[in-house]
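Student: Attaching a single structure in structure tokens format; questions to follow.
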Ligand SMILES: Nc1nc2c(ncn2[C@@H]2O[C@H](COP(=O)(O)OP(=O)(O)OP(=O)(O)O)[C@@H](O)[C@H]2O)c(=O)[nH]1
Ligand SMILES: [Mg+2]
């Protein structure tokens, strides 16, 4: 078959600013949409945002904007329009008809990237199921199975008379895929049981897409996982053994990255893969500290972890890509994450901070909380106690008493509370 598609499709990005959405949030979403477009193999020719009180129910944007887009086509020569918000089947259909051009929304873009990046049987089954679920309600008029399965810019395929046939085929295929998904889940469950039998604790590297999870897995274990400056490079999680500084061995797994507005079709289909983090004994939340939106991205990840039922798991925050920040930016990031119990600045690429990260994983596995004490002279027994129940990392004799830095089991914290220094205060 001859591929007549241009090497890189030219995409025009549009978003709608609704009341209540801060500019900063929308700007970040549009930046991310451009990143998604590039990852999918497209080129961004323009990106713009239209303020509206609500999306137009028929067209998503206003009539005036549609007319303007038509005019701009000569100037920018774009092949498709990509919308930041999700379109209803009706909006998408109407827009395509009005503009006589392919229109894609955020969900479709992400589904397309997943389709390109799924390599294992499990990944492929999940992606196909998600795409078909998304496609089914859109199978009217110009839509058809072949066009959808051909990538973000594919056209052609059978005419409208075949739509009913296509629809039946898709439903049959979905039934088949559902059976295979049951198998996928059973296999995952079996692997989990095997891991439990191995008696090793499991550590999941979770985080926003492109945060550096695979780089970190490679740095910790030499796993040789593919690393890309792309979104959703990893769809098929890898697990490797790791020896912690305490000498204990654990199993570390890479996971699928998260993103804001993760398509629900995708979450449903990828349940088995995403749920892996739910069963981990410890979650290492990898944050790209060099991303301007690091704090918002971390909040997205924490929300998804909560939805998956893993919100209360012992967690270590690994502030990654610290090599890209200057000293003052590093301090600011650390301060922004000071309310998390275990935070370790690292550079997975340069292999920095990994020893400290290992200690934090050790602590999280035993649910130890870091703390700093100032103990008056005469009460040194408290420090000895901390050494025994948790761990002692630093002791310093100061004029006002003995300063100690260490870790305590959560259940013992009340014991040390009278001597605890405020955690955000600099030692
Ligand atoms: N400067 C710098 N770049 C890093 C660091 N860690 C990872 N990167 C880069 O960040 C990009 C993404 O890294 P990955 O390890 O693929 O990220 P990921 O979290 O596995 O991403 P997905 O699997 O796509 O969700 C790559 O270009 C890495 O080289 C780091 O510590 N410093
Ligand atoms: Mg990865």
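The values are calculated or read from the model by the stated rules, or taken from the named source; none is laboratory data. This one's a predicted model, so the numbers in the text were calculated from it and none came from an experiment. So basically every Cβ, Gly included, is an ideal-geometry build from the backbone, and we count neighbours across all protein chains shown.
Student: Taking segment 360-371, which residues are touching a helix residue (DSSP H, G or I) at 6+ places or on another chain (Cβ under 9 Å) and on the phi < 0 side of the Ramachandran plot?
Tutor: Of everything in segment 360-371, those that are touching a helix residue (DSSP H, G or I) at 6+ places or on another chain (Cβ under 9 Å) and on the phi < 0 side of the Ramachandran plot turn out to be 368, 369, 370, 371.
Student: It is to be established whether one or more residues within segment 335-355 are in the same structural domain as residue 226 (by TED's automatic domain parsing), touching a residue at least 60 places away in the same chain (Cβ under 8 Å) and touching a strand residue (DSSP E or B) at 6+ places or on another chain (Cβ under 6 Å).
Tutor: Yes, segment 335-355 has at least one match.
Student: One residue is enough: does segment 315-329 have a residue meeting the conditions more than 26 Å from residue 225 (Cβ to Cβ) and part of a strand (DSSP E or B)?
Tutor: So the first thing to find is which residues in segment 315-329 are more than 26 Å from residue 225 (Cβ to Cβ), and the list is 326-329.
Right, trim to part of a strand (DSSP E or B) and you get none.
The answer is no, given that none of the residues of segment 315-329 is more than 26 Å from residue 225 (Cβ to Cβ) and part of a strand (DSSP E or B).
Student: Here's something else I'd like to know. Only one of (1) more than 11 Å from ligand 2 (Cβ to nearest atom); (2) in a helix (DSSP H, G or I); (3) crowded, with 22+ Cβ neighbours inside 10 Å is not met by residue 284, so which one is it?
Tutor: Every listed condition holds for residue 284 apart from (2).
Student: Continuing with this model, one more query. Can you pull out every residue in segment 267-278 that is within 15 Å of the chain's Cα centre (by Cα) and away from ligand 2 (no atom under 16 Å from the Cβ)?
Tutor: Taking segment 267-278 as the starting set, the residues that turn out to be within 15 Å of the chain's Cα centre (by Cα) are 267, 270-271, 273-278.
Passing the criteria: 267, 271, 275, 278.
Student: Do any strands (runs of 3 or more DSSP E) lying entirely in segment 182-265 carry at least 1 residues that are more than 16 Å from ligand 2 (Cβ to nearest atom) and farther than 21 Å from residue 305 by Cα, and which ones are they?
Tutor: 239-243, 249-254
Student: Is it the case that segment 410-421 has a residue that's modelled with pLDDT under 95 and closer than 30 Å to residue 215 by Cβ?
Tutor: Scanning segment 410-421, I find no residue that is modelled with pLDDT under 95 and closer than 30 Å to residue 215 by Cβ, so the answer is no.
Student: Quick one: residue 373 ticks every box in (1) surrounded by fewer than 16 Cβ atoms within 10 Å (Cβ to Cβ); (2) in contact (Cβ under 8 Å) with a residue 40 or more places away in the chain bar one, so which box is it?
Tutor: (1)
Student: Residues that are within 16 Å of ligand 2 (Cβ to nearest atom) and modelled with pLDDT of 95 or more: does segment 303-320 have at least one?
Tutor: Yes; the residues of segment 303-320 include at least one that is within 16 Å of ligand 2 (Cβ to nearest atom) and modelled with pLDDT of 95 or more.
Student: Still on this model: Determine whether residue 175 is over 30 Å from residue 252 (Cβ atoms), modelled with pLDDT of 85 or more and surrounded by 15 or more Cβ atoms within 10 Å (Cβ to Cβ).
Tutor: Here the answer is no, as residue 175 does not meet what is asked.
Student: Given the residues 209, 255, which is the only one that is under 25 Å from residue 133 (Cβ atoms), within 12 Å of ligand 1 (Cβ to nearest atom), touching a helix residue (DSSP H, G or I) at 6+ places or on another chain (Cβ under 8 Å) and modelled with pLDDT of 85 or more?
Tutor: 255
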